């Protein structure tokens, strides 16, 4: 059977190692960090969102190539649930279709997964940082000095370029200068230079609004922080805002502009602040946002309430983003995710040039591409065997 080298021990790399070793191949995983799947574990601290069931799953990934469509079609939400159950992790489906382990943590699932890989005789080497090639050998800096590894097939699962302290530093891109789409932050907050009066609202959630960016709309909540705006609602439309769409907030999505105008016309001598608070039930943080971005108020306040422009200074730094866009371009790969200019080398996970919103899409994409490439690698190894190599 083929000797396989997997570089990177996140979900994509572990899935590739799982599929390869289950087929009988000898697998070595090399990871630069002291322990595997650090970003995966961090994601699980707030509740491990594995995937999302319901209509529109594939559409959430936007314009992706045929290889990515094939990977996700073969290993989508139903298969992720089956996979988690196979590792002894019962899951539940939330009201929005998001799927979580009942224990709401990543660590039990990871322990069970590593135990299965160990039973399949997968060898894991930590603190092994890939540094390049020497002919057909793969070079690593390790605690025991420089090491070289030869393998029949190699799976690169090197991660993106956010959360460098967890292992995804993007430095590997220097090895492929001609095949990289520039990294950009994805699923991130935005910098806002607040006026002093907003200090009292730092940490406050903003609920019951509609966020608008171009053709994208979401009703998810977000948080005011000292650094700007962040949270699920912002992440959902962050790609559109990052790429230039104005960010607009509808503070009263349940009312029409005309509804608001009529109510404002009946305010009489009551102060505007009281009307906003009593008549429209705007909470202090929404009123603060209206003051921050709306003054001096126009004559048509109703339109402003429905279309409040949010001024910002761009995305938070890429290393703070949940994920990234950009990476290794798909035109450098065949349909099995093998590099066109390096036979037997496959690429998976966040290092590829795709992005998706939060909500389980990221983990599912990593698992699906890891599996897809491993199956292609198995076919490639079989052809090597037939050819007598």
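The numbers here are math on the coordinates, done by the rules we state, and not lab data. Quantities reported herein were computed from a predicted structural model and do not represent experimental measurements. Don't worry about glycine lacking a Cβ; one is built from the backbone with ideal geometry, like all the others, and counts go over all protein chains shown.
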Problem set entry | the stretch 86-124-the stretch 354-386 distance, computed between alpha-carbon centres (Å) | 18 Å
Problem set entry | Percent RCO, i.e. relative contact order, over the stretch 193-309, from Cα pairs under 8 Å lying at least 6 residues apart | 26 percent
Exercise. Going highest first, how would you order 268-277, 373-382 by mean Cβ packing within 10 Å?
Worked result: 373-382, 268-277
For this session: Compare 333, 14, 171 in a GNM of the chain, Cα atoms joined below 10 Å, and give the one with the largest fluctuation.
Result: 171
Problem set entry | Mean-position separation - Cα centroids, the stretch 52-84 and the stretch 280-346, in angstrom | 23 Å
Problem set entry | Degrees, to the nearest 10: 232-242 long Cα axis against longest axis of the chain | 80 degrees
For this session: Take each of the peptides 145-151, 157-163, average the number of other beta-carbon atoms within 10 Å over its residues, and list them starting from the highest.
Result: 157-163, 145-151
Problem set entry | Computed helical MRE - 222 nm, the chain, DSSP H runs ≥ 4 contributing -39500 (n - 2.57), nearest 500 | -9000 deg cm²/dmol
For this session: May I ask you to order 255-267, 120-132, 354-366 by the average number of other C-beta atoms within 10 Å around their residues, highest value first?
Result: 354-366, 120-132, 255-267
Problem set entry | Burial ordering of 216, 201, fewest other beta-carbon atoms within 10 Å first | 216, 201
Seminar exercise, completed: Rounded to the nearest 5, the percent of DSSP beta bridges in the chain running antiparallel is 70 percent
For this session: Just report the Cα centroid separation between the stretch 11-41 and the stretch 153-185, whole Å.
Result: 17 Å
Exercise. Would you list 350, 230 from fewest to most Cβ contacts within 10 Å?
Worked result: 230, 350
For this session: Let me have the relative contact order for the chain, percent, based on Cα pairs under 8 Å that are six or more residues apart.
Result: 24 percent
For this session: For Cα Rg over 2.2 N^0.38 Å, several values are listed as (i) 1.00; (ii) 1.09; (iii) 1.14; flag the one computed from this structure.
Result: (iii)
Exercise. What is the helix-to-structure angle for 361-387, meaning the angle in degrees between its Cα long axis and the longest Cα principal axis of the chain, kept from 0 to 90 and rounded to the nearest 10?
Worked result: 20 degrees
